[in-house]
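Below you'll find the structure, written out as structure tokens, and then a few comments.
The values are calculated or read from the model by the stated rules, or taken from the named source; none is laboratory data. Keep in mind that this is a model prediction, so the values were computed, not measured. Neighbour counts run over all protein chains shown; Cβ positions are idealised from the backbone, glycine included.
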Amino acid sequence: MALFHFAFNVTDLDETRAFYGGLLGCTEGRSTDTWVDFDFFGHQLSCHLGKPFDSAPTGKVGNCDVPMPHFGAMLPMADWRALAYKLVAEGVEFVLEPQIRFEGEPGEQSTMFFMDPSGNPIEIKGMADLGGAFDT
């Protein structure tokens, strides 16, 4: 299996560690005084100090406008539900609250959008069958 690597900018490494490591439960990897790596649901994030990318709600998915660009992960449904409950309990402000979309269609999924402390948009999807990620 190939792993995905994504490097992007954040504004504060302590806040980044608290968010990705503390809130999302991602294991911290290597780091220096200007960047930190995380195991983001089996993939590598490299968070570097700098100006985060600009985003805007220009992505049209169904009847929702979602922030573009964004990144995220696709989780088995039970893991997605557990994370959604945790984020709600922690008072995370959602761009798009946890919900199901494409219900009853190929690629049915749960989704939620939120921002990291630097304003980077994240989407976490939940799927009953991860193999259906590319169903049409």
Residue, surrounded by the most Cβ atoms within 10 Å (Cβ to Cβ), within region 45-73, restricted to residues that are more than 24 Å from ALA18 (Cβ to Cβ) and among the hydrophobic types (A, V, I, L, M, F, W, C): VAL66
Any chance GLU15 is over 25 Å from ASP129 (Cβ atoms), in contact (Cβ under 8 Å) with a residue 24 or more places away in the chain and among the charged types (D, E, K, R): yes
Residue ID - surrounded by the fewest Cβ atoms within 10 Å (Cβ to Cβ), chosen from residues in region 87-120 that are within 13 Å of PHE19 (Cβ to Cβ) and among the hydrophobic types (A, V, I, L, M, F, W, C): VAL92
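Residue-wise test of (1) modelled with pLDDT under 95; (2) not small (Gly, Ala, Ser).
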residue: PHE40; (1), (2): no, yes
residue: GLY62; (1), (2): yes, no
residue: LEU75; (1), (2): no, yes
residue: GLY104; (1), (2): yes, no
residue: GLY119; (1), (2): no, no
residue: GLY131; (1), (2): yes, no
Members of region 1-35 found to be outside any loop (DSSP other than H, G, I, E, B) and more than 17 Å from the chain's Cα centre (by Cα), listed by number: LEU13, ASP14, GLY29, ARG30, SER31, TRP35
Those residues of region 60-77 which are free of Cβ contacts under 8 Å to residues at least 24 places away in the same chain and either among the hydroxyl-bearing types (Ser, Thr, Tyr) or outside any strand (DSSP E or B) (or both), in sequence order: ASN63
LYS60 being closer than 28 Å to ALA128 by Cα and more than 13 Å from the chain's Cα centre (by Cα): yes
Residue list for region 1-55, filter: acidic (Asp, Glu) and farther than 18 Å from PRO121 by Cα: ASP14, GLU28, ASP33
Conditions (1) surrounded by 14 or more Cβ atoms within 10 Å (Cβ to Cβ); (2) closer than 24 Å to GLY131 by Cα; (3) small (Gly, Ala, Ser); number of the one not met by GLY42: (1)
Meets criteria (at pLDDT 95 or above, part of a strand (DSSP E or B) and on the phi < 0 side of the Ramachandran plot) for PRO52: no
Filtered residue count, region 12-36, keeping only those that are buried (at least 17 other Cβ atoms within 10 Å of the Cβ) and within 14 Å of HIS48 (Cβ to Cβ): 6
